[in-house]
1. Among 165, 118, which comes first, second and so on when ranked by fewest other beta-carbon atoms within 10 Å?
2. Pop the C-beta distance of residue 74 and residue 32 into the FRET formula with R0 = 30 Å and round what comes out to the nearest 0.05.
3. Within a 10 angstrom radius of the beta carbon, how do 78, 113 rank from fewest other beta carbons to most?
4. Let me know the Kirkwood hydrodynamic radius for region 81-120, please, with Cα pairs as the basis and the value in Å to one decimal.
5. Could you put 163, 158 in order, starting from the residue whose Cβ has the fewest other Cβ atoms within 10 Å?
6. What is region 41-175 by shape, rounded, prolate or oblate, if you read a ≥ b ≥ c off the alpha carbon gyration tensor as root eigenvalues and call it rounded for a/c under 1.5, prolate for a/b larger than b/c, and oblate otherwise?
């Protein structure tokens, strides 16, 4: 008899990944835990001089010492769907009347198509996940205030390193999780703003019903 048994209890993906909701850019997890997520621009460390690299390392070390709490660093690599780009390129080729430009576009189109047959076109994004845990059920505005204090510290630390930060909105957080748990589907069928808004609204309504 196999020790692997199919569960008779159906659970949603949201329960499996333990998300209670997303509200005003704050990810809500079980156990009164909350997360804010910021996207951080990249820094080409290898192109810097040795003196600049040493200065960056010292600044980064100083930043870590100033945070005073744990942080999670996430590097997310996603494959880019080139179909739409190639379709736009073909459309430009159809409407181009100048022979010299048509030849250039055709050569470029052939180059891109040959490139993606043997290589995946990837994009890389960098995130810092900032945690907060409350002692019990507290006002949501207090949670946001505490997270904003940490967000400000992290943003200023990244700025000293020459990097820019942007806090993810509720819809962007949902899209990030969608790309994690349905990577193939996310590539061929990205979530629309309307679909993200419906998911977000359902989560907010669920959280408000628990609060009442």
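1. 118, 165
2. Result of the calculation: an efficiency of 0.85.
3. 113, 78
4. Its Kirkwood hydrodynamic radius stands at 10.5 Å.
5. Listing 163, 158 from fewest to most nearby Cβ atoms yields 163, 158.
6. In terms of gyration-tensor shape, prolate.
Only the coordinates and a few stated rules stand behind these numbers; no lab work does. As the structure is a prediction and not an experimental result, all values here were calculated from the model. Glycine also receives a Cβ, built like all others from the backbone with ideal geometry; neighbour counts cover every protein chain displayed.
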